[in-house]
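The values are calculated or read from the model by the stated rules, or taken from the named source; none is laboratory data. Only a predicted model underlies this, so the values are computations on that prediction, with no experimental measurement involved. Ideal geometry is used to build each Cβ from the backbone, glycine not excepted, and the neighbour counts take in all protein chains shown. Areas reflect the complete protein model, heavy atoms only, side chains present, ligands, DNA and RNA absent. Shrake-Rupley method; radii C 1.70, N 1.55, O 1.52, S 1.80 Å.
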Amino acid sequence: MSTEIADEHPSTLGVVVAGRAFQAVEPDGRVIDLALELGTPRPAPDKDWICPCRIRGLDDSRVWMIYGIDALQALTLANDLLATQIAAFAEERGWTFNWLGAENVPIADVLHKRPSTWDREVHEGHRPPS
């Protein structure tokens, strides 16, 4: 089973099959439009699969090619990589986030990495005040 990160290949994202758009807010108030984008998983030259992914808005030319034993694993690992990268940027740069009309949304909620009252309210149609 191969789960390593392949070399980066510019401009090979292909068709985006899943993504999430949100904004990062710098400590000085500057707003950065970002999107986590997952390309279509496809067979690799060997027996494994590759899923391209990127963070649009930071360095649009950087596309990671993530290997998995099948399409689902490649897609899941690519999603995990993007979540790890954006969380690291947030910590390093002191970002807060705007998402779904709300400000100061915790990164874990933007990434759906934990259940929260805010998350339940959004799913029930009750957005927090913006």
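For the reader, a short list of remarks on this structure follows.
- Residues that are of a type in the set (Gly, Ala, Ser) and within 16 Å of Gly57 (Cβ to Cβ), drawn from region 70-107: Ala83, Ala87, Ala88, Ala90
- The set of residues from region 18-60 being within 14 Å of the chain's Cα centre (by Cα) and open to solvent by 30 Å² or more (accessible area, probe 1.4 Å) comprises Ala18, Gly19, Arg20, Ala21, Gln23, Asp33, Arg54, Arg56, Gly57, Leu58, Asp59, Asp60.
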